Amino acid sequence: MRVLTIALATISIPIRNGPDRLYSENKVVAAMPVTPALVASAGLPVPGNADGRSFLAFCNGEVPSGWRDEAHWSYDFRNIISKRFETAFSLPSDRCNLQVVRPTTLKYVHFAGMPPVLFDLSDDPGEMVNRATDPACRSLLN
């Protein structure tokens, strides 16, 4: 059985690959391929207008050609009614957003109104140590 961990929403997919075989692979998968994968795993044709590509090939021990090696996403965390986050971070509403670049072993988060953060997910999977100001990581930010 094989378990595939998906970036963004950690989803474990058990894949039986022999009677007692279980192991894990970490692949960069954005949220978009979840729908095509679920539809394909149900044995149904994936609609042409579905976003993304199915990641089921990974579950079979294959690597799809041209698969991405990083995921990108944005998040707008403003709350224009309660101003909860604006107040907590002392930011105007239009500065309460972030962009993320997530290759296999790193996570870089760029905030519009705050300093960036960088996590080395190999050494710090819990994302507790910001390496953005670490001189040894400077080349990763350029």
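Here are the numbers for this structure:
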read-out	value
ASP134 being acidic (Asp, Glu) and open to solvent by less than 50 Å² (accessible area, probe 1.4 Å)	yes
Enumeration of residues in segment 59-97 that are under 22 Å from LEU38 (Cβ atoms) and of a type in the set (Asp, Glu)	GLU62
Tally of residues being open to solvent by 80 Å² or more (accessible area, probe 1.4 Å) and either modelled with pLDDT under 90 or over 24 Å from the mean Cα position of the chain (by Cα) (or both) across segment 75-88	5
Answer residue from segment 110-142, given it is assigned to a helix (DSSP H, G or I) and more than 28 Å from GLU86 (Cα to Cα) and is nearest to the chain's Cα centre (by Cα) among those	LEU140
Positions within segment 89-100 being open to solvent by 50 Å² or more (accessible area, probe 1.4 Å) and under 13 Å from the mean Cα position of the chain (by Cα), in sequence order	GLN99
Matching option when the condition is out of contact with any helix residue (DSSP H, G or I) (no Cβ under 9 Å at 6 or more places or on another chain), on the phi < 0 side of the Ramachandran plot and surrounded by 14 or more Cβ atoms within 10 Å (Cβ to Cβ), among PHE119, PHE111	PHE119
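The values are calculated or read from the model by the stated rules, or taken from the named source; none is laboratory data. Computed from a predicted model, the values in this text were never measured in an experiment. Virtual Cβ from ideal backbone geometry, glycine too; neighbours counted across all protein chains shown. Only protein heavy atoms, including side chains, enter the accessible area calculation; ligands, DNA and RNA are left aside. Shrake-Rupley method; radii C 1.70, N 1.55, O 1.52, S 1.80 Å.
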